[in-house]
1. Counting alpha carbon pairs within less than 8 Å and at least 6 residues apart, what relative contact order, in whole percent, applies to the chain?
2. Between 0 and 90 degrees, rounded to the nearest ten: what's the tilt of helix 278-296 against the longest Cα principal axis of the chain?
3. Considering only DSSP beta bridges with both partners in the chain, what is the antiparallel share in %, to the nearest 5?
4. Of 216, 77, 190, how do they rank once you tally other Cβ atoms within 10 Å and put the fewest first?
5. GNM, the chain, Cα, under 10 Å: largest mean-square fluctuation among 259, 96, 130?
6. How long are the semi-axes of the equivalent ellipsoid of region 88-195, taking √(5λ) for every eigenvalue λ of the Cα gyration tensor, in whole Å from largest down?
7. Using only C-alpha positions, report the orientation-averaged shadow area of the convex hull of region 118-271, nm², one decimal.
8. Label residue 208 and residue 308 with points 7 Å out from Cα along Cα→Cβ: what is the distance between them in nm?
Ligand SMILES: NC(=O)c1ccc[n+]([C@@H]2O[C@H](COP(=O)([O-])OP(=O)(O)OC[C@H]3O[C@@H](n4cnc5c(N)ncnc54)[C@H](OP(=O)(O)O)[C@@H]3O)[C@@H](O)[C@H]2O)c1
């Protein structure tokens with residue numbers, strides 16, 4: 001018998017009828033800080049909750065038969081340091097592409113067409129007509145051009161924009177420049193989208209020097225992780241009114257009440273909403289089923305994290 005722990009009833013339901021003789025047992029377990037369930041000693045495949053926090057993370061080290069930790073997210077910065085030697089960590093690359101890419105395009109449009117301003121004016125019942133900026137004609141630079149970055153570009157196809165792409169390593173056939181070209185490309189962009197993972201190289205990469213390379217009036221969209229940007233540098237640029245920001249992620253997160261980012265002009269913030277949609281929920285369940293089936297039938301797992309990503 002193989003025991004699989006999952007965090008929700010939906011995911012457990014998606015695992016109905018998995019292969020295996022005898023079939024695996026699936027338990028819904030969200031460790032809650034009290035003693036772990038008596039079955040902990042038998043768990044081989046563990047799916048922590050979508051936003052993994054303690055004590056669900058600490059539980060990883062309490063499962064002696066554990067073979068696989070399957071994340072429900074594309075970013076595994078919280079889980080990666082907690083994985084014991086010999087245990088395989090897989091992320092959910094691809095599962096959240098549609099939801100997150102849609103957020104990126106929506107945030108760009110909202111910021112450039114000033115939807116947050118008009119929402120405030122509507123709440124005050126004011127007819128505040130004026131010209132706004134727009135997306136058509138803009139150059140969009142995607143920093144961290146991977147699975148979600150490509151999904152953003154597909155969604156931008158009808159918006160009459162030029163797209164520039166940067167990844168860790170060059171992919172000349174796909175028009176993807178290496179990160180060593182980033183400084184040269186930044187001044188060309190009207191919109192800069194962050195979609196790189198958290199690694200030793202990306203933490204704090206969006207610092208005062210990075211922002212200074214951006215055009216006056218440009219829009220920075222962060223859909224990756226808050227720690228990619230130096231918050232003080234973001235505050236300084238937004239306060240001066242030189243740059244606009246659309247942030248799904250912040251550092252710290254949650255952003256506390258009273259933080260300067262909340263009130264600055266040209267800053268649009270959502271609370272890490274990118275992948276929090278019904279499409280992502282359905283795709284997470286289907287993907288966990290696929291991965292668990294692979295594990296149970298001895299096939300190679302997808303999206304195994306080796307090294308930083
Ligand atoms: N806001 C949300 O709710 C939300 C939802 C989903 C994901 N995310 C975040 O989005 C990130 C990207 O997800 P994904 O699935 O698109 O990942 P992915 O397919 O692995 O793509 C990430 C890309 O970033 C590039 N990269 C790595 N280091 C870089 C650097 N120093 N400079 C520039 N580019 C760099 C990689 O380049 P190489 O290919 O050359 O290695 C890769 O192409 C995740 O790690 C996660 O943190 C956020």
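Rule-based calculations on the coordinates, nothing more; no lab input. Values in this document were obtained by computation on a predicted structure and should not be read as measured data. Here the Cβ is made from the backbone with ideal geometry for all residues, glycine too, and neighbour counts use every protein chain on show.
1. 16
2. Between the helix axis and the principal axis of the chain, the angle is about 40 degrees.
3. Here the antiparallel bridges make up roughly 5 percent for the chain.
4. Lowest to highest Cβ neighbour count: 216, 77, 190.
5. 130
6. So the equivalent ellipsoid measures 30, 18, 11 Å along its semi-axes.
7. 10.0
8. For the pair residue 208/residue 308, the computed spacing is 2.4 nm.
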